[in-house]
Amino acid sequence: MSLISMEFLLFVLVAAVGYYLIPKKYQWLWLLVFSYIYYASSGVKLLLFLVYTTGTTYAAGRLLEKVEQKELPKKEAKAAKRRILTLGLLLNFGMLAVLKYTNFAVANVNAIFHTSFSFQKWMLPLGISFYTFQSMGYLLDVYWGKCKAEKNPLRFALFVSFFPQILQGPIGRFDRLAVQLYQEHRFDLQRMQYALQLILWGFFKKLVLADRAAVVVNQVFLNYTQYSGVLNLVAVLMYSVQLYMDFSGGMDVVMGVASLFGIELDQNFKRPYFAVSITDFWHRWHITLGTWMKDYVFYPVSLSKWMGRIGKWSKKVFGKKTGRVIPICIANLIVFLLVGVWHGAAWKFIAYGLYHGLIISVSSLLAPVYRKGLEIFSINQKSGGWKVVQILRTFVLINISWYFDMAVSLSAAFTMMKTTVTGFSLSAFQDGSLLTLGLDWLDYLILLVGCLVVFFISFRQERGVKIRESLAEKPLLFRWAVYGMLLFGIPMFGYVMTTTGGFIYAQF
């Protein structure tokens, strides 16, 4: 049941109406039922995987709490908790690894050793990466004592399966999300209005812009050997539009639907193309994945004993300043290797992750040189001009990474990069080649105008303007003119019938 389908809208309508009509003490149970109905719509058998993750994580959390209650000697309690945690992580990340990466591993073994092992290819359960990471974050928080284990298995099942976010995030934290899911909510007209505005805005970005840009992206990336360098570049820029509008539009829909039930999800997208560095980009793009990696991978790795030994060795060999940075660089490389692997079982995704990790690591190592260069050339780091330069520089680096993300393979990504540089010619803008990519001039105009509208609104938000609150202050006629343009513009200009209708991040 796609988030942009009529079936989903009717599903949400029924769920929301019933949510406010039933006794408030049963609202959380109502959400659980509808969450399981929603997930079952993708395949009843896939519920087994969701139940498996829910059951094993719930049991592990309760066992961790029981160890705490037994008041065992500190060393013995720590060992027991570590065994429970390890088992819980292995059962769930192990399942994720088997389902998502076994075929990739077998294919590489066959390629290296010229063997012919085979493995039954399973359908990847929808949203398994998201609900696995969310569940394991909860388990680690219980282990570290950041939150108490949930006693009610049905309440915990709702935390794992809450339907607006299960397919593409954001990845929730138990201490912030659970309390909202379980508390009673009253109907709030203003909140409903804001939620519907957000949903409409998400639909606009997805259907009018992302799906239109996808036509060019699919045409070129799937037939990359047939196109010149400038058309490869156009396809990458179109993918930049597609992914931005698809992901941010999806988050708007998800957060808007959750808000209909009084649930405010964690922010997951914050105008990443205004980022001034790759590090800043990851503070704005898929924020909950980045913070998950920071809290559950980066800090444990960088503060581990073995990393401490590497740090001591680095200081002796490279000096205190550089030696202090090297362990951080190693931890960042590990994090972004995992980010790449999280995106998919392919070498191109590993390259995608390592590309970002290397840029961040090299930037950390060369930070003193960078600061010295700014002083030599008397560059004012606080000036608007320099910020624009940083934004453009980051945008170029991000677009290079999109070759890895969207290309059919790692070799295809490198081929497209090479063709973009060696076969670059502006003749495609004169000879009509752009019109061979599936769009006409009206489509390109719609994309241009739509992107400018999104840019203007994002720019205002970047300057601290709250768009929905600002819109609420406008005259009634103006507000309804905006609503009307969205309501009629989406079906009029949307590419509803020409794409699969799914969101890109739902495949993870």
Simple spin-label model, 7 Å along Cα-to-Cβ: Lys70 to Leu374 in nm? 5.4
Excluding ligands, DNA and RNA, the carbon-plus-sulfur percentage of the accessible area of region 6-187 with a 1.4 Å probe reads 66
Label-point separation in nm, Trp306 to Asn103, each point 7 Å along Cα→Cβ: 3.2
For a protection proxy built on the mean count of beta-carbon atoms within 10 angstrom, sort 33-44, 359-370 highest first, please. 33-44, 359-370
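Using a 1.4 Å probe over the heavy atoms of the protein chains, calculate the carbon and sulfur portion of the accessible area of region 355-508 as a whole percent.
Roughly 70 percent, rounded to a whole number.
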As an exercise, use a Förster radius of 51 Å and the Cβ-Cβ distance of Leu476 and Phe93 to find the FRET efficiency, rounded to the nearest 0.05. 0.45
Where the centre of each part is set by its Cα atoms, how far does region 425-471 sit from region 231-287, in angstrom? 16
Starting from the 7 Å offset along Cα-to-Cβ, what nm value, one decimal, do you get for the label separation of Tyr52 and Thr322? 4.8
Over 20 Å between C-alpha atoms is what I'm after, so list which of Lys70/Lys151; Lys25/Lys45; Lys206/Lys466; Lys24/Lys66; Lys294/Lys315; Lys270/Lys387 land there. Lys25/Lys45; Lys206/Lys466; Lys24/Lys66; Lys294/Lys315
Selection from Phe221, Leu233, Ile171, by position along the positive dipole direction of the chain (Cβ): Ile171
Given a Förster distance of 25 Å, the FRET efficiency implied by the Cβ-Cβ spacing of Lys315 and Ala367, rounded to the nearest 0.05, works out to 0.90
Among rounded, prolate and oblate, which fits region 207-355 when a ≥ b ≥ c are the square roots of the eigenvalues of its C-alpha gyration tensor, a/c under 1.5 means rounded, and a/b larger than b/c means prolate? oblate
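Lys and Arg at +1, Asp and Glu at -1: add these up for the other residues within a Cβ distance under 12 Å of Glu473 and post the number.
+3
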Tell me the mean residue ellipticity at 222 nm calculated for the chain from its helices only (DSSP H runs of n ≥ 4, each -39500 (n - 2.57), averaged over every residue, nearest 500). -23000 deg cm²/dmol
Take the Cα of Ser118, step 7 Å along the line toward its Cβ, and report every residue of region 68-109 whose backbone nitrogen sits under 18 Å from that point. 102-109
Unit charges on C-beta of K, R, D, E only; dipole of region 6-187, Debye: 540
Per residue, how large is the accessible surface of the chain? Use a 1.4 angstrom probe and give square angstrom. 51
Dipole-positive endmost among Ile391, His356, Asn380 within region 288-403 (Cβ charges, Cα centre): Asn380
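The values are calculated or read from the model by the stated rules, or taken from the named source; none is laboratory data. Computed from a predicted structure; not experimentally measured. Glycine also receives a Cβ, built like all others from the backbone with ideal geometry; neighbour counts cover every protein chain displayed. To get the accessible areas, we keep the full protein, side chains included, count just its heavy atoms, and leave off ligands, DNA and RNA. Shrake-Rupley method; radii C 1.70, N 1.55, O 1.52, S 1.80 Å.
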